[in-house]
1. Mind listing just one residue for me: the one in the range 45-67 that is touching a residue at least 40 places away in the same chain (Cβ under 8 Å) and under 20 Å from residue 7 (Cα atoms) and, of those, surrounded by the fewest Cβ atoms within 10 Å (Cβ to Cβ)?
2. When the residues of the range 11-41 are filtered to those that are at pLDDT below 90, among the hydrophobic types (A, V, I, L, M, F, W, C) and not in a helix (DSSP H, G or I), which remaining residue is surrounded by the most Cβ atoms within 10 Å (Cβ to Cβ)?
Amino acid sequence: MPALSGYINIGEVTLHSPSGTEMTATDQAHEAMIIGAKALAYTTIDMIKDPEKLESAREEYRKRIEEQS
């Protein structure tokens, strides 16, 4: 199944560390997550509204799967 994954920068911190854990509870991190969620949502809307974009994404997915086989 095709998937979309993005990296969301919550600030100057080492992820998966005690300081990274603390950073996730900040307003800055919350705002970054909202922006990231909106980007994923708008990408989904673009795919739904434009069948050519959706087909292009499907074709790219098929090619990548074939390359990994």
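The values are calculated or read from the model by the stated rules, or taken from the named source; none is laboratory data. Please read all numbers here as calculations on a predicted model, not as lab measurements. As a convention, Cβ positions derive from the backbone with ideal geometry for all residues, glycine included, and neighbour counts pool all protein chains shown.
1. Step one: list which residues in the range 45-67 are touching a residue at least 40 places away in the same chain (Cβ under 8 Å), which gives 57-58, 61.
In the following step, the residues that additionally are under 20 Å from residue 7 (Cα atoms) were identified as 57, 61.
On the way: 57: 15, 61: 13.
Checking each candidate, the answer is 61.
2. In this case the residue turns out to be 13.
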